Protein chains: 2
Amino acid sequence: MKKFINELDNIEAEMVRGLVRSKAHMLRQLPDSNVVVRTQKKRERVAVLFGCGSGHEPAPCGYVGYGMLDAAVPGSIFSSPTPDQILKGIREVASESGVLCILVNYTGDVLNFRMAIQMAQMEGIAVDSVVVADDVASDTGKATGRRGLAGAILINKIAGAEAEMGVGLYEVKETAEWATAGLRTIGVASSPCIVPEEGKPSFELRDNEMEVGMGLHGEPGVMRAPMRSAEATARDMLDRLLADYKYKGCEVVVLINGLGGTPVMELYIINDFVSRYLAEHDVEVYDTMIGNYMTSMEMKGFSISLMRVDPHLKALYDAPARTAALCR
Amino acid sequence: MKKFINELDNIEAEMVRGLVRSKAHMLRQLPDSNVVVRTQKKRERVAVLFGCGSGHEPAPCGYVGYGMLDAAVPGSIFSSPTPDQILKGIREVASESGVLCILVNYTGDVLNFRMAIQMAQMEGIAVDSVVVADDVASDTGKATGRRGLAGAILINKIAGAEAEMGVGLYEVKETAEWATAGLRTIGVASSPCIVPEEGKPSFELRDNEMEVGMGLHGEPGVMRAPMRSAEATARDMLDRLLADYKYKGCEVVVLINGLGGTPVMELYIINDFVSRYLAEHDVEVYDTMIGNYMTSMEMKGFSISLMRVDPHLKALYDAPARTAALCR
């Protein structure tokens with residue numbers, strides 16, 4: 001395991017501190033915790049909080065700042081933040097306008113957020129939540145629904161922009177849910193990642209194999225396939241996205257997200273095909289984000305997200321944002 | 001070689017097209033070439049052009065846009081752009097105010113840029129250049145001087161911001177050279193990268209080894225060392241930077257640059273130590289950029305750059321920028 005880390009026990013703490021120190025004028029870490037908030041908060045508007053496991057950097061803490069998140073609550077590596085961590089974040093950013101929590105749809109995250117939200121509500125805080133479940137590869141008919149993937153970053157952007165405008169909690173939630181309804185993602189991985197505490201890869205792939213539909217923590221996808229060209233891989237992924245939601249005739253934002261170990265070069269090559277294929281299928285691209293936005297440590301692979309946008313969502317997507325990992 | 005690519009011959013073309021299509025409203029590719037320019041150019045001011053080999057994405061093309069580059073000229077993978085490609089870029093963005101070319105100090109780049117600049121000058125275009133040679137690990141007393149590393153991105157930002165303000169070519173060049181004079185970088189690598197045409201790693205590192213002082217294309221560094229902690233690695237790198245330039249008592253911008261295969265998590269952990277160590281050594285950090293800004297494809301490793309800043313450089317560093325890979 002070749003990682004630039006120090007003590008295993010300190011990974012999450014050092015990581016959050018390293019980020020906060022990089023933007024000391026705009027980020028603040030709560031004492032005895034890894035919760036990150038803005039140094040300045042307008043207390044009179046809805047606050048937006050996002051939480052997920054660590055190992056997905058720059059998510060969640062890299063998105064705290066003007067126009068996006070008020071608070072980020074990272075858990076341990078590949079583990080949901082605990083209810084008390086989430087509650088700490090909610091309390092810190094809560095005002096009379098309330099707090100919208102955004103989470104990705106994994107069992108632990110859903111349970112822990114539910115508990116934290118109930119505790120906050122008992123304290124008289126207005127809290128609501130939006131669950132991102134954008135992974136078209138995990139629709140296995142389970143009652144728990146689909147997994148959440150990198151599309152969550154787009155929802156953070158939309159909700160953060162709307163909250164910044166000073167509208168009510170219900171309206172921010174409605175808009176985030178409207179965006180989520182038209183959001184689909186699928187990922188592939190060509191190499192695993194190593195959870196530091198375990199010291200070995202979470203799964204094995206042969207030299208000529210990739211996994212299609214991989215989850216954010218290495219959960220199995222829809223199939224293990226021979227390694228193919230960028231074009232063949234992206235075509236299969238887009239076919240699955242286009243079969244799942246009627247994007248034909250729509251305008252979309254595209255997110256080509258690297259999982260941490262994939263060179264930006266390859267993400268650009270993938271988008272060359274993606275942009276062409278979407279045009280052929282009568283899907284109009286409004287804008288495309290390419291980069292490492294929600295990763296799985298050093299995993300090689302990428303995901304493609306499509307978010308259907310209307311004039312309101314476009315305005316929110318374009319609205320100014322000042323965070324460590326995303327600016328407008 | 002597990003890469004998401006298509007035909008080997010098309011890598012550079014598809015990559016540039018994929019980027020341009022992601023930001024079609026602001027980027028334009030010149031016909032029959034990989035030169036990228038802005039869709040809109042104010043013709044009455046100094047233009048800034050940066051060129052380097054491909055394989056360093058998002059550099060150079062990801063930095064074209066308002067407040068940074070007017071043109072980017074990528075070569076083949078790990079090869080300088082040719083004189084005719086550079087000349088094409090210069091011609092496209094030239095106005096009576098002239099063109100400033102920024103390049104990294106590698107023999108091929110220096111020769112090709114020199115030739116292109118001479119040809120442009122013969123056509124009556126005012127062109128000048130700034131060579132970035134920030135690698136403290138390559139000072140081997142050679143007449144060719146030090147290699148250029150990721151610090152070039154900071155020089156692109158500074159020069160682009162100043163050119164945007166409408167000052168003269170000489171002034172933009174002076175400022176860029178002043179910034180370069182206080183700029184130092186050192187890199188380490190823990191795994192090699194694979195040039196697609198070659199299909200195998202450019203060098204070998206054992207499971208417990210890393211290379212300190214590695215160049216952008218895998219050039220050997222100052223030593224091959226056993227893999228160490230993030231802290232021990234960064235301490236050694238900072239000691240070399242601090243020994244090379246009198247940063248004590250200065251204010252600096254820090255760039256923690258991932259080489260493509262290093263998780264953002266690790267870059268954050270590294271900065272936790274870097275920020276602490278610089279404070280201990282009486283170096284004040286004005287701002288820190290963390291991410292994959294100038295890569296070596298899937299190479300694992302990172303570089304640390306320090307750029308001494310004064311009020312003028314801080315204002316240029318903070319000035320608005322709208323590019324695919326860097327926004328303010």
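Quick check: from the Cα gyration tensor, does chain A come out rounded (a/c under 1.5), prolate or oblate?
On the way: a/c = 1.70, a/b = 1.24, b/c = 1.37.
Oblate shape, in that a/c is at least 1.5 and b/c is the bigger or equal ratio.
Taking H placed 1.01 Å from N in the peptide plane, check which residues at least 5 places from A:G75 or on another chain put their amide H under 5 Å from its amide H.
Those qualifying (amide H under 5 Å, at least 5 residues apart or on another chain) are A:C52, A:G53, A:S54.
What are the residues of region B:1-38 that lose 50 Å² or more of accessible area, with a 1.4 Å probe, going from their chain alone to all protein chains?
B:K2, B:F4, B:N6, B:M15, B:R21, B:S22
Which trypsin sites (Lys or Arg not before Pro) does region A:27-112 hold that lie in a coil by DSSP with at most 13 other beta carbons within 10 Å?
Details: sites: A:R28, A:R38, A:K41, A:K42, A:R43, A:R45, A:K88, A:R91; in loops: A:K41, A:K42, A:R43, A:R45.
Listed in order of number, the matching sites are A:R43.
Using a 1.4 Å probe on the protein heavy atoms, what percent of the accessible area of the protein assembly as shown belongs to carbon and sulfur? Before the final figure, lay out the partial values.
Values: 11280 of 22620 Å².
Percent of accessible area from carbon and sulfur atoms in the protein assembly as shown: 50.
Using the Cα centre as the reference, give the magnitude of the dipole from point charges on the C-beta atoms of region A:183-316 (Lys, Arg: +1; Asp, Glu: -1; all else neutral), rounded to the nearest 20 debye.
On the way: 13 positive and 20 negative charges, 40 e Å.
Dipole of region A:183-316, to the nearest 20 debye: 200 debye.
Looking for one value pair here: nearest-to-axis residue in chain A (by Cβ) for the rotation onto B, and the distance in whole angstrom.
Of all Cβ atoms in A, the one closest to the rotation axis yields A:C327, 2.
About its Cα centre, what dipole magnitude does region B:253-309 give when the only charges are +1 on Lys and Arg Cβ and -1 on Asp and Glu Cβ, stated in debye to the nearest 20?
Dipole size: approximately 160 debye.
When Lys and Arg each count +1 and Asp and Glu each count -1, what net charge do the other residues less than 15 Å away from B:V212, Cβ to Cβ, add up to?
On the way: positive: A:K2, B:R147, B:R184, B:R206, B:R224, B:R228, B:R235, B:R240, B:K300; negative: B:D135, B:D139, B:E209, B:E211, B:E219, B:E231, B:D236, B:D239, B:D244.
Combined, the nearby Lys, Arg, Asp and Glu give 0.
Taking a probe of 1.4 Å, how large is the accessible area per residue of region A:183-316, in Å²?
Numbers: 4360 Å² over 134 residues.
Spelled out: the 1.4 Å probe surface of region A:183-316, per residue, equals 33 Å².
Show that you can apply the helix-only estimate: for chain A, add -39,500 (n - 2.57) for every DSSP H stretch of four or more residues, divide by all residues, and state [θ] at 222 nm to the nearest 500. Walk me through the intermediate numbers first.
Details: 8 runs with 106 residues, N = 328.
It comes out at -10500 deg cm²/dmol, rounded to the nearest 500.
Take the eigenvalues of the Cα gyration tensor for region B:15-181, scale each by 5, and report the square roots as semi-axes in whole Å, largest first. It would help to have the intermediate numbers written out before the result.
On the way: eigenvalues 96, 67, 48 Å².
Taking √(5λ) for each Cα gyration eigenvalue gives 22, 18, 15 Å.
Among all the aspartates and glutamates, which ones have a C-alpha under 12 Å from A:K23's C-alpha, if same-chain residues fewer than 8 places away are not counted?
B:D272, B:D287
List the distances, in nm and shortest first, from the label point of B:E209 to the matching label points in every other copy, placing each point 7 Å from Cα along the Cα-to-Cβ direction.
The answer, with the shortest distance listed first, is 3.0 nm.
For label points placed 7 Å from Cα toward Cβ, what is the shortest-first list of nm distances from A:P220 to its copies?
Those separations, rounded to one decimal, come out as 4.8 nm.
Based on the inverse mean of 1/r over its pairs of different Cα atoms, what is the Kirkwood hydrodynamic radius of the protein assembly as shown, in Å?
24.7 Å
Taking a probe of 1.4 Å and counting only protein heavy atoms, give the total accessible area buried between chains B and A in Å², rounded to the nearest 100. Mind dumping the intermediate values first?
Working: alone 13810 and 13800 Å², together 22620 Å².
Looking at B and A, the buried total is near 5000 Å².
Compute the convex hull volume of the Cα atoms of region B:183-316, divide it by the residue count, and report the result per residue in Å³ as a whole number.
Numbers: hull volume 13.8 nm³, N = 134.
It is 103 Å³ per residue.
Towards the positive end of the charge dipole of chain B, with charges on Cβ (+1 Lys, Arg; -1 Asp, Glu), say which of B:N34, B:L111, B:G199 has the farthest Cα.
B:N34
If you put a point 7 Å past Cα along the Cβ direction, how far is that point for B:H25 from the same point in each other copy, in nm, smallest first?
Relative to the other copies, B:H25 has label-point distances of 2.7 nm.
The values are calculated or read from the model by the stated rules, or taken from the named source; none is laboratory data. Everything numeric in this text was worked out from a predicted model, so none of it was measured. So basically every Cβ, Gly included, is an ideal-geometry build from the backbone, and we count neighbours across all protein chains shown. What goes into the accessible areas is simple: the full protein's heavy atoms, side chains included, and nothing from ligands, DNA or RNA. Shrake-Rupley method; radii C 1.70, N 1.55, O 1.52, S 1.80 Å.
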